[in-house]
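Notes to accompany the following structure.
The values are calculated or read from the model by the stated rules, or taken from the named source; none is laboratory data. In this text the structure is predicted, and so the values were computed from the model without any measurement. Note that we place each Cβ from the backbone using ideal geometry, even for glycine, and neighbour counts take in every protein chain shown. These area figures cover heavy atoms from the full protein model, side chains too; ligands, DNA and RNA do not enter into them. Shrake-Rupley method; radii C 1.70, N 1.55, O 1.52, S 1.80 Å.
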Amino acid sequence: MDYSKLSAEELKELLQQEQKELKKITKRGLTVDMTRGRPAKDQLEIAMPMLQRAGELDYALKAGDARNYGQPQGIRPAMELFAEIFDVKPEEVIVADGSSLNIMYNVIQFAMQFGVLDNEPWNNQGKIKFICPAPGYDRHFSICEKFGIEMITVPMTKTGPDMDVIEPLVASDASIKGIWCVPKYSNPTGVTFSDKTVERIATMKVAAKDFRVFWDNAYAVHALYDTDDKLKNIFDVARKAGTIDRIYSFASTSKVTFGGSGISAIAASETNIKSLLKHMFFMTIGPNKVVQVMHVDFLKDLDNIKKIMKQHAAILRPKFELFEKKFSEAFEGEEYVQWSKPRGGYFISVDVKGCAKRIVEIAASVDVKFTAAGSTFPYKLDDADSNIRIAPSCPNLEEMDYAIDVLINAIKIAEIELQLKRKQ
Ligand SMILES: Cc1ncc(COP(=O)(O)O)c(C=O)c1O
């Protein structure tokens, strides 16, 4: 329905109807939290055999006992496992503890305080800036805010960040030191970067010698369907172009085994890896290698990880599909609401026209919580008040069904209110 064509009287009547509808929906009286992309309990059960086998594993590795100090780069079999995921050499990997966000934070801290390779610390170079494609992952933006890194918001397109905007910026401004990318099943848009975008990021001219691409491949193996999106290997392109030192890539098993209690890794050139290990020497005695042995035993190799991810997909897919079914029934062809149809990852991105905050507020008033509107933009500044991130993983199907009904209704109410305001 095109609300903008209705009179104020008609809108008021419709508003009352939708408010009544909300009361009807909320008679089910559920409470749903969809603020973060947490795996659901049945997903967490998938990795329980890993814990059950932990006592029987052989921890005495060739390089030393995993239960003891040593092996700061991680155990070799875990380096090999992540090398397969990143499609790089094991020597180009450091395996760390439960959170890849932790490594990202540390890598930026090292750059700020000690500089990237032989370059001046970012702290001594005046104002520094990062390119932040948006909508994007709020925790990337929070790291920038914490370190006082100025964020330049750049639009996300269907093929990745808008390279036509990025290229002239990074080519002319040496204070731009980095770009955040979630290249596969992006958070929250679900977009996988096109080959062309990957090539342009790896080869673009940059004014800063110490520019880095933060390639957060958090959803590398997180397909919802048998036909997985194919992401071009940025390391291959960069190796050929002589820009390999530009790339830091990150991944973890947070959404393969246990959220925050799995293992994580960074992939980078051997030069970068050596430099990072030097900094890490002062920071830590080494990673939790016992957990690494458990993970290698359970995950085995990329083929087996893909099998495990099919079990996750079987739980996640019906939730995404329920959303798609209900949204297309409610809004197909409507101009004032658009939504993504991701084929992997953890999020659905909803775009409205100037009432995202109000929608999240209406839903929260009936105990259905979505990520705060604005969170997907640097400084939480979504100028168009347009984007809402939906995290379907954690609720069960009944809760999901309820939350979508509330969301659909909240969108209608907020849009009618907006049109009424314009009429008054
Ligand atoms: C894009 C992205 N990167 C990183 C993370 C966090 O990863 P980890 O649990 O390895 O810290 C998330 C979690 O939602 C994410 O969406």
Please list, ordered by chain and number, the residues whose modelled amide H lies under 5 Å from the amide H of Gly344; skip anything fewer than 5 residues away on the same chain. Leu224
Loop-located chymotrypsin sites (Phe, Trp or Tyr not before Pro) in the range 1-77 whose Cβ has at most 14 other Cβ within 10 Å (DSSP): Tyr69
Which percent, nearest 5, of DSSP beta bridges in the range 48-305 are antiparallel? 40
Running Debye on the range 41-200 with equal point scatterers at the Cα sites and no solvent, what base-10 log of I(q)/I(0) appears at q = 0.09, 0.11, 0.13, 0.17 Å⁻¹? -0.43, -0.63, -0.84, -1.19
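Once you've got the Cα coordinates, tell me which of Lys255/Lys421; Lys89/Lys341; Lys41/Lys300; Lys177/Lys326; Lys300/Lys369 are over 32 Å apart.
Correct reply: Lys255/Lys421; Lys89/Lys341; Lys177/Lys326; Lys300/Lys369.
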Output wanted: per-residue J couplings in Hz (rounded whole) for the range 58-64, from phi through Karplus 6.51 cos²θ - 1.76 cosθ + 1.60, θ = phi - 60°, x for Gly and Pro. 8, 9, 7, 8, 4, 7, x
Assuming a ≥ b ≥ c are the square roots of the Cα gyration tensor eigenvalues, decide whether the range 197-294 counts as rounded (a/c under 1.5), prolate (otherwise, with a/b larger than b/c) or oblate. oblate
Mean separation of Cα pairs under 8 Å and 6+ residues apart, divided by the residue count of the chain: what relative contact order is that in percent? 26
Dividing the convex hull volume of the alpha carbon atoms of the range 48-305 by its residue count, what do you get in Å³ per residue? 120
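Sort Lys62, Lys12, Lys255, Lys41 by accessible area with a 1.4 Å probe, largest first.
Numbers: Lys62 215, Lys12 90, Lys255 45, Lys41 145 Å².
Output order, biggest surface exposure first: Lys62, Lys41, Lys12, Lys255.
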Vicinal HN-Hα couplings computed from phi for the range 2-10 (Karplus, 6.51 cos²θ - 1.76 cosθ + 1.60; Hz; Gly/Pro x): 8, 4, 5, 8, 8, 6, 4, 4, 4
Using alpha-carbon positions, what is the distance between the centroids of the range 1-37 and the range 308-332, in Å? 23
Which cross-chain or sequence-distant (5 or more) residues have an amide H under 5 Å from the amide H of Ile247, H modelled 1.01 Å from N in plane? Val213, Ser269
Residue by residue through the range 108-113, which ³J(HN,Hα) values in whole Hz follow from phi under the Karplus form 6.51 cos²θ - 1.76 cosθ + 1.60 (θ = phi - 60°), with glycine and proline marked x? 5, 4, 4, 5, 5, 8
For the range 284-424 (alpha-carbon point model, no solvent) the Debye-based log₁₀ I(q)/I(0) at q = 0.09, 0.17, 0.18, 0.21 Å⁻¹ works out to -0.38, -0.95, -1.02, -1.26
Give the separation of the Cα centroids, the range 382-424 to the range 112-180, in Å. 31
